Amino acid sequence: MSVPFTSLISATDLARQVSPAWCIFDCRFNLGDPGYGRKAYASGHIPGALFLDLETDLSGPLTGRNGRHPLPEPERLADKLGSLGVDDRRQVVAYDDVGGMFAARLWWLLRWLGHDHVAVLNGGLQAWLSSGLPLSTETSEPRATTFVHRPQDNMKVDADYVLNHLNKPGMLLVDARAPDRYRGENETLDPVGGHIPGAVNRFFKDNLGPDGCFKQASELQEDFGQILKGGNANIAVLQCGSGVTACHNLLAMEVAGLDGARLYAGSWSEWCADPTRPVATGPG
């Protein structure tokens with residue numbers, strides 16, 4: 001058996017090593033057009049890939065107070081993935097067309113369920129196409145199996161944890177949103193602008209180079225080392241607007257060899273739904 005891919009995989013490696021035993025998932029999505037991903041998948045996808053939707057497959061039910069993309073129930077997600085062929089032995093590859101913005105969500109979810117053999121296609125669909133590799137419009141018929149999940153709940157925290165650790169040395173909040181939204185400007189997705197007090201801003205797109213691929217591990221290590229200011233990665237709690245792009249920062253930290261950071265999945269959209277929770281604005 002080949003060495004598993006657990007963070008990133010290049011287009012050439014995927015084309016060379018992919019086999020029927022691998023599971024490839026198209027995670028394309030558009031926050032402004034929820035139907036975009038399915039339409040894009042139907043028009044052409046990596047051969048053998050199946051589609052997973054951010055809102056119907058990779059998120060749980062909305063309550064109005066649990067954020068825009070709450071985590072799915074582990075059992076439901078495991079059943080879905082098992083029906084699509086994922087089991088303990090199979091390599092999983094996730095891709096999208098926005099630098100891993102949505103594919104990283106599946107990467108984190110699988111690791112949360114105890115499946116480490118999962119990687120994001122570095123550079124996404126654009127890297128596949130620029131390598132001269134083909135697309136397909138055929139939909140594969142997956143061979144259903146049983147996915148035995150083992151949730152790693154030490155990988156996440158909830159709103160109460162964040163509230164109880166605000167401005168304490170044992171937690172460093174890292175917000176993955178664009179700088180203007182972090183400051184409380186140009187907020188179009190959530191009803192309140194601003195950020196969680198004490199959070200520092202690391203825009204997830206800063207993990208990528210001009211070619212749309214992740215920066216080298218050494219550069220990411222330097223970037224996040226400046227954010228951590230010499231502290232251990234396990235004090236970092238990563239969040240964003242709804243627990244999606246925070247996973248991109250978690251993936252970047254994994255590439256950099258900085259393990260132990262946790263996800264606040266509810267993120268800003270959950271935090272600001274409770275008016276009793278404090279809000280900060282400005283540059284931080």
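Side notes on the structure shown:
- Residues within the range 184-207 that are assigned to a loop (DSSP other than H, G, I, E, B), of a type in the set (A, V, I, L, M, F, W, C) and either in contact (Cβ under 8 Å) with a residue 40 or more places away in the chain or over 18 Å from residue 247 (Cβ atoms) (or both), tallied: 4
- Failed criterion for residue 100 (all others in (1) open to solvent by 10 Å² or more (accessible area, probe 1.4 Å); (2) under 16 Å from residue 5 (Cα atoms); (3) touching a strand residue (DSSP E or B) at 6+ places or on another chain (Cβ under 8 Å); (4) part of a loop (DSSP other than H, G, I, E, B) hold): (1)
- Tabulated pairs, the range 238-250, first closer than 13 Å to residue 107 by Cβ and at pLDDT 95 or above, second in a helix (DSSP H, G or I) and among the basic types (Lys, Arg), C-beta under 6 angstrom, 6+ apart or interchain: 244/105; 247/105
- Checklist (1) open to solvent by 30 Å² or more (accessible area, probe 1.4 Å); (2) within 20 Å of the chain's Cα centre (by Cα); (3) charged (D, E, K, R) applied to residue 13, failing item: (2)
- Lone unmet requirement of (1) open to solvent by less than 40 Å² (accessible area, probe 1.4 Å); (2) at pLDDT below 95 for residue 230: (1)
- Failed item in (1) polar (S, T, N, Q); (2) part of a loop (DSSP other than H, G, I, E, B); (3) closer than 21 Å to residue 107 by Cβ, with residue 221 passing the rest: (2)
- Failed condition for residue 85, given (1) surrounded by fewer than 23 Cβ atoms within 10 Å (Cβ to Cβ); (2) within 14 Å of the chain's Cα centre (by Cα): (2)
The values are calculated or read from the model by the stated rules, or taken from the named source; none is laboratory data. Please read these numbers as outputs of a predicted model, since none were measured by experiment. Here Cβ is always computed from backbone atoms with ideal geometry, including for glycine, and neighbour counts include all displayed protein chains. Accessible surface areas use protein heavy atoms only, side chains included; no ligands, DNA or RNA. Shrake-Rupley method; radii C 1.70, N 1.55, O 1.52, S 1.80 Å.
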